[in-house]
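Q: I'd like to ask you about the structure that follows.
The values are calculated or read from the model by the stated rules, or taken from the named source; none is laboratory data. It should be emphasised that the depicted structure is a prediction, and the values quoted were computed from it without experimental measurement. Positions of Cβ are generated from backbone atoms using ideal geometry, with glycine treated the same way; all protein chains shown enter the neighbour counts. Note: accessible area is taken over every heavy atom of the protein model, side chains too, but ligands, DNA and RNA are not part of it. Shrake-Rupley method; radii C 1.70, N 1.55, O 1.52, S 1.80 Å.
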Amino acid sequence: GAVVSQHPSRVICKSGTSVKIECRSLDFQATTMFWYRQFPKQSLMLMATSNEGSKATYEQGVEKDKFLINHASLTLSTLTVTSAHPEDSSFYICSARGAGRTDTQYFGPGTRLTVL
Amino acid sequence: QKEVEQNSGPLSVPEGAIASLNCTYSDRGSQSFFWYRQYSGKSPELIMFIYSNGDKEDGRFTAQLNKASQYVSLLIRDSQPSDSATYLCAVNSWRRDTGRRALTFGSGTRLQVQP
């Protein structure tokens, strides 16, 4: 149980284009989803937290107009990187947390974004 | 002071030995504690979680929690080369800015198990 998928696993795009990444909880309802970014040899950096049906809460320094997050259902959240630039190239990882007393977050496999 | 602190390593142990990974945290109100393993180029995977003081064992892994000392550790018995990875400690702590609890991750300890 507690499987989280991400799509695509890898994407290469040209500078200026937008990229959408999907995160799905496959066997549980995710009341909260989290989006992280990780640069090579660095630790996870939380970008934003989204609760189903409400606006995402962004971490300090993360541009909400550039990283659009939608959590439209209890099993799906999307992150759109708008007008991507080479400095946005990174490993983007989502995680999901279900309802109930457990605080456990389950991670998706990640999406490696390369902006040319 | 960082909220969750880990020694970055690398921690090098011979195959078959016990690897001991340590983590300290600053939020005394934290209720739940997690260990994740992350292989290079992959996303973190949950190893185990612990809520109560004391030890919790799962196979070759033992998590130890001491809330009074704000300390949580992970022991890996009979270490294997396949255990070589970065181990992330995560603590569920109160976020003043969001008014909610969220996991705060340490920067991870890199473990190398030598064959």
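Q: For residues in segment B:98-115 being at negative phi and more than 8 Å from every other protein chain (Cβ to nearest Cβ), which is most open to solvent (accessible area, probe 1.4 Å)?
A: Let us first name the residues in segment B:98-115 that are at negative phi, namely B:98, B:100-107, B:109-115.
Going one step further and asking which of them are more than 8 Å from every other protein chain (Cβ to nearest Cβ), we end up with B:104, B:109-115.
Working: B:104: 27, B:109: 9, B:110: 106, B:111: 3, B:112: 59, B:113: 8, B:114: 82, B:115: 130 Å².
Among residues in segment B:98-115 that are at negative phi and more than 8 Å from every other protein chain (Cβ to nearest Cβ), the one most open to solvent (accessible area, probe 1.4 Å) is B:115.
Q: Here's a follow-up. Given the condition in a strand (DSSP E or B), open to solvent by less than 30 Å² (accessible area, probe 1.4 Å), free of Cβ contacts under 8 Å to residues at least 40 places away in the same chain and not charged (D, E, K, R), answer yes or no: does some residue in segment A:26-46 qualify?
A: yes
Q: Could I ask something else about it? Hey, does segment A:13-22 have a residue that's under 29 Å from residue B:51 (Cα atoms) and under 15 Å from the mean Cα position of the chain (by Cα)?
A: To start, the set of residues in segment A:13-22 that are under 29 Å from residue B:51 (Cα atoms) comprises none.
No; the residues of segment A:13-22 include none that is under 29 Å from residue B:51 (Cα atoms) and under 15 Å from the mean Cα position of the chain (by Cα).
Q: Given (1) more than 30 Å from residue A:56 (Cβ to Cβ); (2) surrounded by fewer than 16 Cβ atoms within 10 Å (Cβ to Cβ), where does residue B:40 come up short, assuming only one miss?
A: Just one mismatch for residue B:40, condition (1).
Q: Would you mind finding the one in B:78, B:83 that is farther than 22 Å from residue A:105 by Cα and acidic (Asp, Glu)?
A: B:78
Q: Checking residue A:112 against (1) under 15 Å from residue A:19 (Cα atoms); (2) touching a Phe, Trp or Tyr at 6+ places or on another chain (Cβ under 6 Å); (3) surrounded by 20 or more Cβ atoms within 10 Å (Cβ to Cβ): exactly one of these is not met. Which one?
A: So residue A:112 meets the others, but not (3).
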